[in-house]
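I have a structure I would like to understand better, so I am pasting it below and will then ask my questions one at a time.
Just so it is clear, none of the values below were taken in a lab; they were calculated from the coordinates. On a predicted model such as this, the values are computed, not experimentally measured, just so you know. No Cβ is skipped: glycine too gets one built from the backbone with ideal geometry, and neighbour counts run over all protein chains shown.
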Amino acid sequence: MRLNIGSGSAYANDRLDTAAAMADSGRVTYMGFDCLAERTMALAQIRRMSDPDSGQDERIGALVPVLKNFLASGGRVVGNFGAANPDAAATDFAAGLTHLGITGTRIGIIRGDDVRDTVLAHDLDLPELGTTSRALGERIVSANAYIGADPVVECLQQDAQIVLGGRLADPSLFVGPICHELGWSLDDWDRVATATLAGHLLECGVHSTGGNFEDPPYRTVPDPHHLSFPLAEIDDEELVVTKLDGTGGAVDVRTTRTQLYYEIHDPTRYLTPDVTADFSGVRLEEVGPDRVRLSGARGTPRPETLKVLVGVDLGYKAVAEISYGGPGCVDRARRAEEVVRRRLEPIRDRIDELRIELHGVNTLFGDRMPAGEPAEVRLRLAARALDPEVAEAAAYEIEYLYFGPAGGGGVVTSVVPAIVVTPALLPRSEVPLSVEVISA
Amino acid sequence: MKLREVAYSRSGDKGDVSNICVFPHDDGDYEWLREVLTAEVVAKAFGDLVAGTVTRYEVPVNCCLNFVLTEALAGGVSMSLRVDPHGKAYQSLILAIDLPERQARS
């Protein structure tokens, strides 16, 4: 038994043409779709707050036709399309299938990652905010636990062809199908670690095939405009990561090891809901063009706690920008900053955080890298305040720089809700999950 | 010599923690990088961008030095008011580090 499984998405707005190429390649029988990031979850919760029928991935209607032939040939799909609303995601899938005249597709829905009530009932430590859940009370707008492969396997055992959940952990989208198809037990820790390694390399999509990689002249890949999602070929003996033929990019030791340690802290202890994985002894071997074999992942039992992302309403975030160019542009922009800071003094104590910087000078690295005199700079204000009027007032002061130092132009302002997500931990026993397989 | 001339990198984010993994272009340079690219050197290069600590993990089998920077993203991707809340560009800042001239390899 050998399973070929491909990536279909790495984030909420990933390309559908890349997913279509994988779906129609004939190379894979499963596709895993990671649709979430830390911020995506917060944005989804905001949408659900304004409309109880929303909060799911917004691409499903467009994605179903892309997957039509893949599903017709028996291909199976696992994704965290649910985001803040798994049932709404199932509704969208069902509607899309019905629209195409396809009936009888089994859809597995995973519920239970939404733990807001539990978080509010406990006094959970929120270390990155330096406070607790009880202290924040109703300002906590959401809490979602990272959940693992168990319910995915359960849905697949019940013959679900599409499996969707909320905050399914990124690698678990692949661990579920791999363990289900290869008959690997979810407490066979070395094997779960191997499946997690495969999932880790697939869940970020083109990150494994040449995306976020080039730095000419030192690092380049062919045809970076035409990247492939990665796929894994896996059986009891080996794991090979590769990409689709006829695409650009590269799968070699360089691209693979760069992604192997992406978002990993201690390489001997990568914690997921499924396993404590040790990637410190993983060996990489180029076994063909754009083919890398990986071996040596080790695992120990999964953590007894689950990571929870808690969404907190911190009011509003204003961002506003204006450009200055030509001789003296940096001096004029700094003068403009002084003007804005003086004008904001009367409301400064109602602004929780304020940042004013210059694109072209110091927005990315502060003063850590010396800047010369650029041809142009763009003054950027970012402010967070509980009161929307305070946020609007901060943005307005950038607009009013049309009447500030000479030559300011190109003002853009925005004010959006500031929902932050912050990590916490819950015992597994506090996160009861359930699955339901429906026929669409 | 800039680190970029001998190594490449990728940065990622989890909450307010950034990790930057660094690999030599030529694996023969790994031992030398291990000597010169210490956690202290990286902490100095990042200065007040990092309010917490810099820890270095070594993975010799893949010639990896993995730097973990805590309190490094102005509160994390959803909280930060920075232009680059993920710290995607940190992989470029680390490559700007000046290294001492290398002894000829024997």
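Please list, or write none, the aspartates and glutamates whose alpha carbon is within less than 20 Å of the alpha carbon of A:K68, excluding same-chain residues fewer than 8 places away.
Within reach: A:D14, A:D17, A:D24, A:D34, A:D57, A:E58, A:D92, A:D159.
May I ask you to compute the full-extension gain from A:R350 to A:T98, defined as 0.36 nm times their residue separation minus their alpha-carbon distance, rounded to one decimal in nm?
85.6 nm
Looking only at Cα atoms, what is the convex hull volume of segment A:314-423 per residue, in Å³?
Taking the convex hull of the Cα positions in segment A:314-423, it is 102 Å³ per residue.
Taking the DSSP beta bridges in chain A as the whole, what percent of them are antiparallel, to the nearest 5?
85
What angle, in degrees between 0 and 90 and rounded to the nearest 10, separates the Cα long axis of helix A:38-50 from the longest principal axis of the Cα atoms of chain A?
In chain A, helix A:38-50 runs at an angle near 80 degrees to the longest axis.
What is the angle, in °, between the Cα long axis of helix A:329-344 and the longest principal axis of the Cα atoms in chain A? Nearest 10 is fine, range 0 to 90.
80
Can you tell me, using C-alpha contacts under 8 Å and at least 6 residues apart, the relative contact order of chain A as a whole percent?
Taking the mean separation of contacting Cα pairs over the length of chain A, I get 18 percent.
Over all directions, what mean area does the Cα convex hull of segment B:29-68 project, stated in square nanometres?
In nm², the orientation-averaged hull projection of segment B:29-68 is 2.7.
Here is a further query. Between the DSSP loop rule and a limit of at most 16 other Cβ atoms within 10 Å, which trypsin sites (Lys or Arg not before Pro) in segment A:243-338 are left?
Qualifying residues, ordered by number: A:R269.
If packing is taken as the average number of other Cβ atoms within 10 Å across a peptide's residues, how do A:197-203, A:247-253, A:180-186 rank, most packed first?
My ranking of the peptides, most packed first, is A:197-203, A:247-253, A:180-186.
Same structure again: Please determine, in degrees from 0 to 90 and to the nearest 10, the orientation of helix A:388-399 with respect to the longest principal axis defined by the Cα atoms of chain A, where the helix direction is its Cα long axis.
60
What's the exposure ranking of A:T220, A:T91, A:T132, going from fewest to most Cβ atoms within 10 Å?
Going from sparsest to densest Cβ surroundings: A:T220, A:T132, A:T91.
Per 5 Å bin, what percent of the C-alpha pairs of segment A:316-381 does each bin hold, from zero upward?
Pairs per bin, as whole percents: 4, 17, 26, 24, 17, 9, 4, 0.
Turning to a different aspect of this structure: Okay, helix-only estimate at 222 nm for the protein assembly as shown: each DSSP H run of n ≥ 4 adds -39500 (n - 2.57), divide by all residues, round to 500 deg cm²/dmol; what do you get?
The per-residue figure over the protein assembly as shown is -7500 deg cm²/dmol.
If you don't mind, there's one more thing I want to ask. Return the whole-Å distance between the Cα centroid of segment A:115-156 and the Cα centroid of segment A:264-288.
Each part's Cα centre sits 26 Å from the other's.
Within straight cross-link reach of B:K14, meaning Cα distance under 19 Å, which lysines are found once same-chain residues fewer than 8 apart are removed?
Within reach: A:K307, B:K88.
For A:D190 and A:E376, what does the FRET efficiency come to when R0 = 56 Å and r is the distance between their Cβ atoms, rounded to the nearest 0.05?
E between A:D190 and A:E376, to the nearest 0.05, is 0.50.
Next up: So what's the gap between the Cα centers of segment A:1-49 and segment A:398-414, to the nearest angstrom?
Cα centroid to Cα centroid, the span is 40 Å.
Here's something else I'd like to know. Can you pull the one-decimal nm distance between simple spin-label points at A:A135 and A:D331, each 7 Å off the Cα toward Cβ?
Distance between label points: 4.7 nm.
List the extent of the Cα atoms of segment B:50-106 along each of their three principal axes, largest first, rounded to whole Å.
49, 23, 18
So if I take the centroid of the Cα atoms in segment A:328-396 and the same for segment B:32-88, what is the distance between those two points in Å?
Cα centroid of segment A:328-396 versus Cα centroid of segment B:32-88: 25 Å apart.
Next up: Given points 7 Å out from each Cα along the Cα-Cβ axis, report the A:D117 to A:E238 separation in nanometres with one decimal.
So the two model labels end up 5.1 nm from each other.
Sticking with this structure for a sec: For an R0 of 22 angstrom, estimate the FRET efficiency from the Cβ-Cβ distance between B:W32 and A:T220 and round to the nearest 0.05.
In this case the efficiency is close to 0.35.
Take every Cα-Cα pair in chain A and report what % of them are more than 36 Å apart.
Above the 36 Å cut-off, chain A has 36 percent of its Cα pairs.
Students often forget the sequence filter, so: which aspartates and glutamates lie under 12 Å Cα-Cα from B:K44 once same-chain residues fewer than 8 apart are removed?
B:D98
Averaging the inverse of every distinct alpha carbon separation and then flipping it gives the Kirkwood radius. What is it for segment A:266-313, in angstrom units?
Kirkwood hydrodynamic radius for segment A:266-313: 12.9 Å.
P(r) for chain B: what percent of alpha-carbon pairs falls in each 5 Å bin, starting at zero?
Calculated over all Cα pairs of chain B, the distribution is 2, 13, 25, 24, 17, 10, 5, 2, 1, 0 percent.
Starting from the Cα of A:T300, step 7 Å along the direction of its Cβ; do the same at A:V287; then give the gap between the two resulting points in nm.
Here the modelled spin labels are 2.9 nm apart.
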